């Protein structure tokens, strides 16, 4: 074979036997019409799939829950725990597949929450729960109500928040909100619509308790009289005078006055009307929620305005953007019909708008990545070649969209980032094929034959490279747990895109090359210097413009003051200028590549130099690994996110009135007006004890401070407001468990001991710098009015506990008698014995009960009132009592360090015997994910090794290739440290990805070294020739991968750690691979040759 090397006219690639991939490529090269039809089909189906996919910010993940609520009226929390909760938990815990079992035992009820893994068969789980409740029913108290089982999901976030203002009639505001709510609920993808604020009309029938006693009547009799009088009963059809009639008995109330004239009973010879024993008042229900919004922000007189708030939520997997459009259409078309023309509608929080803006940013970054890829390809392989190779990008992405649509994916930031990540890798296969075609064309081979031979030669190598990358991403796609499920779309998208790119690179790229590169070597511009110069100038200007476009800010034009854009524009323009003016036709004639080849050759022929270089790399590896171990490189789950919103949560003491909570919210609102970064806010008082203020900030580009800084400043300003627990919540990436950043569970039996330990642990967290909102889940119970019944007296008078309890309930809450319909609105008719609810303890003496012979009996005769502090709620986790202590952290990158300090303090704490600590589901899920990613990295390396072993038919050469992985680790840790990033969930994905990405360059090198040696090259010559020949494709594939994800990495905080991990890891791995892999190859093959010769010598000696 050696003599073939000495004959330049002999091109071995043309004589290679066609493999199956080579035959596949030839099919499309010979039949270009099939290729064109294939392109059209991919474009059509891809665009159709994209338009049908739901749009959202991140993949939606909702934790499936089942709730079991059991009411046992009057029972204390301890009684509820012992008699109800414990009995149900002992049976329900036997069900397999429960991820978490929590319960709350409170005054009068038990609530048990069961959580399951995403994807669990909830119908089956629900039936199993009902079966277990049936088994436990015989052990529950006889007078406890039947357990109610319901299915729910967490993470069901709003699509938009709508506020109605503009008129002072709060009843009309509420009625209009209800009508709008009914229209919005007709949208098929809407799961729920909530309304807060406004006044709701109510008809109150206030009866005089003394008159009731005088006439010997019950409240129930008045309720029955109202109910039976408010009916319209059909009488059927009848023929009268040869004409058919429909007969109806009209009894419905037409006005409030009709109720006053309802006959309750007859006293003597005359009727007793409701107006004789009470009053009928057209009023309003007691206010249980309220809402208002900011107006006049940016003016000299900002204020708040009463409003009614409508919160719209969506179904799982629905398109938030589409829902937003339909809601806007309802508001536009409904003005003047659904709600008055003078009423104003304000959309204060719009997830659909945020999704469209975020997706637009990601698309802009994707476009920037594409521009960078085209520029790099142009610099390395030429304009025509770069355009042909770039065709792979849209086709592969559209093909992968078809796959993703059928897998149930949505269009979200995670999927789009994965596509951007894949953009640079998509062209890797095409670059290798194109570079090989170009190399053969320079030797005089026709474009068509070059396309066939080049694809046939490198297709097995790029198949191996693609499979190794897929092997690295595959374990991540099947990672268990919630975070594995949430992040699975990153590997699935990349796998789909890369598989598509391999298909395109072995079909479309060769076929297009044979068509459009026909004139490549035939064009001669030596006789046309003006045209030649014009083309060069146009090329240089084009590269400059594309560079500026790739890094331009949204607010600026092509020529902007962005330093990054100018830096890259100068670099790329300089590179293309050098290529066009002083570049060599043959890359091997490039002085830099020649110099690299000579240096590499001097190293591989010297054993001392080889071990010296390996020693330096080993020191770098150990040093980089020490960065996270020493704490210089931070480890956390997610970093801080500069969002466009934050919220203020207000929790007043148990039993507080709504007015008190509203006043505290007003104090906070006044302080919010001081923030110039604020665009608007909405206040929702959801219950007498809870309120939430949603603050919307202006866009990031329009403010100097981050949302974290603003929220922290707000936290300091409202710290001194008394009367409530006030916390400032910030937007967090990841799965929303509704927990604090650091939380710990304390398990034990004694209630007071748990409370004491919780207080001590809370103080520990407060003493650690960097924490805020430290607290626990213990609080004083609601003050109770206990009714002590004299059972002997009650029994003598024909009364029992139930009849007395119902009488008190009717007096406290009122009795709903019927519903009054007017103008399509339904108004409740409530009967009470006082105009307002009971205000004083003495008001209980106005209550009457009815015993034997319907005789009225005063409250004071059979019962007394006793005031007590109520018991706190009792919490269970996994059937054990627990207390939860937690705090938030100011800097997410310090979270792990703070948690370590907290755990150190806990270990020094003398925990009583019988008490233990544990973690909630969120921490368990995070810990599991970190462990699983370590397993994924090991599994990826095993899969890659198996693929390489088959490809190279060798057990030693795959180890040479896999050494690229630790080279990448050096770059990851050093790079993340340099840019001030951290090791988190997304950066771990980047590291595992590098197992497949980083080895691709080594595969190309080893494959070509083997090819040359097979064709007669001596090993060291083959290594040098390969290093020089493959230098450009290796560098270009790396730069395109880096360039593809660089814009999004610089602009997106969430994906930055992953982007930096891949950029620095791949860059370091590529540079070191060009030196280390040839050195290791030389050492391994020399060692194999040594043992082979040694074995041969032994055979000769034996003979």
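The values are calculated or read from the model by the stated rules, or taken from the named source; none is laboratory data. Since the model is a prediction, treat every value here as computed from it, not as a measurement. Heads up, the Cβs are rebuilt from the backbone with ideal geometry, glycines too, and the neighbour counts pull from every protein chain shown.
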Legend entry - Every residue from the stretch 374-391 that is modelled with pLDDT of 80 or more and not in a helix (DSSP H, G or I): 391
Legend entry - Selected residue [assigned to a helix (DSSP H, G or I) and without any contact (Cβ under 8 Å) to a residue 60 or more places away in the chain] from 437, 490, 462: 462
Inset, instruction - Select from the stretch 644-677 the residues that are in contact (Cβ under 8 Å) with a residue 40 or more places away in the chain, part of a loop (DSSP other than H, G, I, E, B) and touching a strand residue (DSSP E or B) at 6+ places or on another chain (Cβ under 7 Å) and list them in ascending order. - result: 644, 655
Legend entry - In the stretch 309-327, residue surrounded by the fewest Cβ atoms within 10 Å (Cβ to Cβ) [restricted to those that are touching a helix residue (DSSP H, G or I) at 6+ places or on another chain (Cβ under 9 Å) and within 23 Å of residue 175 (Cβ to Cβ)]: 326
Legend entry - Residue identified as in contact with a helix residue (DSSP H, G or I) (Cβ under 9 Å, 6 or more places away or on another chain), closer than 19 Å to residue 1005 by Cβ and not assigned by TED's automatic domain parsing to the domain that holds residue 927 among 458, 391: 458
Inset, instruction - Could you check the stretch 1007-1103 for helices (runs of 4 or more DSSP H) lying wholly inside it with 1 or more residues that are in contact (Cβ under 8 Å) with a residue 40 or more places away in the chain and farther than 25 Å from residue 432 by Cβ? - result: 1031-1051, 1056-1102
Legend entry - Failed item in (1) surrounded by fewer than 19 Cβ atoms within 10 Å (Cβ to Cβ); (2) under 28 Å from the mean Cα position of the chain (by Cα), with residue 103 passing the rest: (1)
Inset, instruction - For the stretch 274-283, state whether one or more residues are in contact (Cβ under 8 Å) with a residue 40 or more places away in the chain, surrounded by 14 or more Cβ atoms within 10 Å (Cβ to Cβ) and assigned to a loop (DSSP other than H, G, I, E, B). - result: no
Inset, instruction - May I ask you to say which residue of 917, 906 is crowded, with 18+ Cβ neighbours inside 10 Å and either part of a loop (DSSP other than H, G, I, E, B) or touching a residue at least 60 places away in the same chain (Cβ under 8 Å) (or both)? - result: 917
Inset, instruction - Taking the options 27, 36, 21, 41, name whichever one is assigned to a helix (DSSP H, G or I) and within 21 Å of residue 1012 (Cβ to Cβ). - result: 21
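Condition check ((1) in contact with a strand residue (DSSP E or B) (Cβ under 9 Å, 6 or more places away or on another chain); (2) at pLDDT below 85; (3) within 30 Å of residue 544 (Cα to Cα)) across all residues:
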position: 563; (1), (2), (3): no, yes, yes
position: 569; (1), (2), (3): no, yes, yes
position: 576; (1), (2), (3): no, yes, yes
position: 586; (1), (2), (3): no, yes, yes
position: 599; (1), (2), (3): no, no, no
position: 612; (1), (2), (3): no, no, no
position: 616; (1), (2), (3): no, no, no
position: 623; (1), (2), (3): no, no, no
position: 628; (1), (2), (3): yes, no, no
Inset, instruction - Looking only at the stretch 524-532, decide whether some residue is at pLDDT below 85 and surrounded by 21 or more Cβ atoms within 10 Å (Cβ to Cβ). - result: no
Inset, instruction - For the stretch 305-323, state whether one or more residues are modelled with pLDDT under 90, over 34 Å from the mean Cα position of the chain (by Cα) and not in a loop (DSSP other than H, G, I, E, B). - result: no
Inset, instruction - Say whether the condition of being assigned by TED's automatic domain parsing to the domain that holds residue 1075 and free of Cβ contacts under 8 Å to residues at least 12 places away in the same chain is met by at least one residue in the stretch 957-976. - result: no
Inset, instruction - Considering each of 729, 738 in turn, give the residue that is in a strand (DSSP E or B) and at pLDDT below 85. - result: 729
Legend entry - Unmet requirement for residue 974, which otherwise passes all of (1) more than 15 Å from residue 1007 (Cα to Cα); (2) surrounded by 19 or more Cβ atoms within 10 Å (Cβ to Cβ): (2)
Inset, instruction - Say whether the condition of being modelled with pLDDT of 85 or more and surrounded by fewer than 19 Cβ atoms within 10 Å (Cβ to Cβ) is met by at least one residue in the stretch 354-363. - result: no
Legend entry - Only one of 369, 444 that is modelled with pLDDT under 80 and assigned to a loop (DSSP other than H, G, I, E, B): 444
Legend entry - Matching residues, the stretch 678-703, being over 21 Å from residue 353 (Cα atoms) and either assigned to a strand (DSSP E or B) or free of Cβ contacts under 8 Å to residues at least 24 places away in the same chain (or both): 684, 685, 686, 687, 690, 691, 692
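Residue-wise test of (1) touching a residue at least 40 places away in the same chain (Cβ under 8 Å); (2) assigned to a strand (DSSP E or B); (3) surrounded by 10 or more Cβ atoms within 10 Å (Cβ to Cβ).
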residue: 236; (1), (2), (3): no, yes, no
residue: 239; (1), (2), (3): no, yes, no
residue: 248; (1), (2), (3): no, yes, yes
residue: 272; (1), (2), (3): yes, yes, yes
residue: 287; (1), (2), (3): yes, no, yes
